[in-house]
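The values are calculated or read from the model by the stated rules, or taken from the named source; none is laboratory data. Keep in mind that this is a model prediction, so the values were computed, not measured. Don't worry about glycine lacking a Cβ; one is built from the backbone with ideal geometry, like all the others, and counts go over all protein chains shown. Note: accessible area is taken over every heavy atom of the protein model, side chains too, but ligands, DNA and RNA are not part of it. Shrake-Rupley method; radii C 1.70, N 1.55, O 1.52, S 1.80 Å.
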Amino acid sequence: MLYSEKVMDHFQNPRNVGKIEDADGVGEVGNAKCGDIMKMYLKIDENQVITDCRFNTFGCGSAIATSSMATEMIKGKTVSEAMELSNQAVVEALDGLPAHKIHCSVLAEEAVKAAVKDYYDRNGISYDPKLFEKACGCEHCS
Ligand code: FES
């Protein structure tokens with residue numbers, strides 16, 4: 001089978017779809033390879049814990065599934081823990097994606113990072129800009 005059961009589940013019943021009106025960080029990213037876009041909203045408390053997150057995407061099923069899984073994985077984590085979430089970890093949690101769909105998983109990771117960056121910027125929190133360099137090591141994104 002092309003897609004794992006977990007991918008199909010998260011594609012058909014994506015978690016945390018939508019928008020947070022009073023989000024503490026919002027990130028919008030585009031996928032250079034296919035032109036799909038994603039918006040990620042984070043609600044972050046005073047201890048830098050992500051208490052809620054939602055996403056909207058104009059993307060393919062794999063992008064929806066990885067974003068859905070990524071939001072589940074970062075909820076309850078601190079922003080710095082969320083920064084460590086790699087697209088590989090999300091793909092593993094979904095029991096894999098077909099090789100030609102791996103680039104779709106990058107959208108979720110980048111959207112989370114962009115939202116954290118927005119949160120840092122809004123709150124005047126300093127950070128190492130290297131954290132926000134393109135994380136994906138795939139041949140399309142270098
Ligand atoms: Fe664009 Fe999957 S084809 S994110």
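For region 1-106, with only Lys/Arg (+1) and Asp/Glu (-1) charged at the beta-carbon, what is the dipole magnitude about the Cα centre, in debye rounded to 20? Intermediate results must be reported in sequence, preceding the final value.
On the way: 10 positive and 15 negative charges, 72 e Å.
Once rounded to the nearest 20, the dipole reads 340 debye.
On the protein heavy atoms, probe 1.4 angstrom, tell me the percent of accessible surface of the chain carried by carbon and sulfur.
On the way: 3550 of 7240 Å².
The value for the chain is 49 percent carbon and sulfur by accessible area.
With every protein chain left in place and a probe of 1.4 Å, what is the accessible surface of Lys39, to the nearest 10 Å²?
Roughly 70 Å² of Lys39 is accessible to a 1.4 Å probe.
Straight-line reach from Lys117: which lysines fall under 22 Å, measuring Cα to Cα and dropping same-chain residues less than 8 apart?
Lys19, Lys39, Lys43, Lys75, Lys77, Lys130, Lys134
With a point put 7 Å past each Cα toward its Cβ, work out how far Glu133 is from Ala93 in nm, to one decimal.
2.6 nm
Leaving out ligands and nucleic acids, and using a 1.4 Å probe, what accessible area per residue does the chain come to in Å²? Write out the running numbers ahead of the final one.
Numbers: 7240 Å² over 142 residues.
Ligands and nucleic acids excluded, the result is 51 Å² per residue.
Please compute the net charge surrounding Met73, taking Lys and Arg as +1 and Asp and Glu as -1 over other residues with Cβ under 13 Å from its Cβ. Don't jump to the answer; show the numbers that get you there.
Values: positive: Lys6, Arg15, Lys75, Lys77; negative: Glu72, Glu81, Glu84, Glu92, Glu109.
Net charge around Met73: -1.
Checking a compactness column here: for region 25-105, what do you get for Rg(Cα) / (2.2 N^0.38 Å), N being the number of residues?
Values: Rg = 12.6 Å, N = 81, 2.2 N^0.38 = 11.7 Å.
Ratio of Rg to 2.2 N^0.38 Å for region 25-105: 1.08.
Could you work out the relative contact order of region 16-93, using alpha carbon pairs under 8 angstrom and six or more residues apart, expressed as a whole percent? It would help to have the intermediate numbers written out before the result.
On the way: 125 pairs, mean separation 20.5, N = 78.
The value is 26 percent.
Which angle from 0 to 90°, rounded to the nearest 10, does the C-alpha axis of helix 102-122 make with the longest principal axis of the chain?
The helix 102-122 is inclined about 10 degrees to the chain.
Quick one: compute a quarter of the convex hull surface over the Cα atoms of the chain and quote it in nm².
Numbers: hull surface 31.4 nm².
Mean projected area for the chain: 7.8 nm², to one decimal.
What nm value, rounded to one decimal, do you get for the distance between Asn123 and Ser80 when each label is placed 7 Å out toward the C-beta?
That separation, rounded to one decimal, is 1.2 nm.
From largest accessible area down, sort Ser67, Ser126, Ser86; use a 1.4 Å probe on the protein chains. Provide the component values of the computation, followed by the final result.
Working: Ser67 0, Ser126 110, Ser86 35 Å².
The residues order as Ser126, Ser86, Ser67, largest area first.
For the chain, build the charge dipole from Cβ charges (+1 Lys, Arg; -1 Asp, Glu) around the Cα centre, then report which of Val26, Tyr120, His103 sits farthest towards its positive end.
His103
If I stretch the segment between Ser4 and His100 completely, what's the gain in nm (0.36 nm per residue apart, minus their alpha carbon distance), one decimal? Working shown, then result.
Values: separation 96, 0.36 × 96 = 34.56 nm, distance 1.45 nm.
Net length gain for the segment: 33.1 nm.
Roll a 1.4 Å probe over the protein heavy atoms and report the accessible area of Glu28 in Å², nearest 10.
110 Å²
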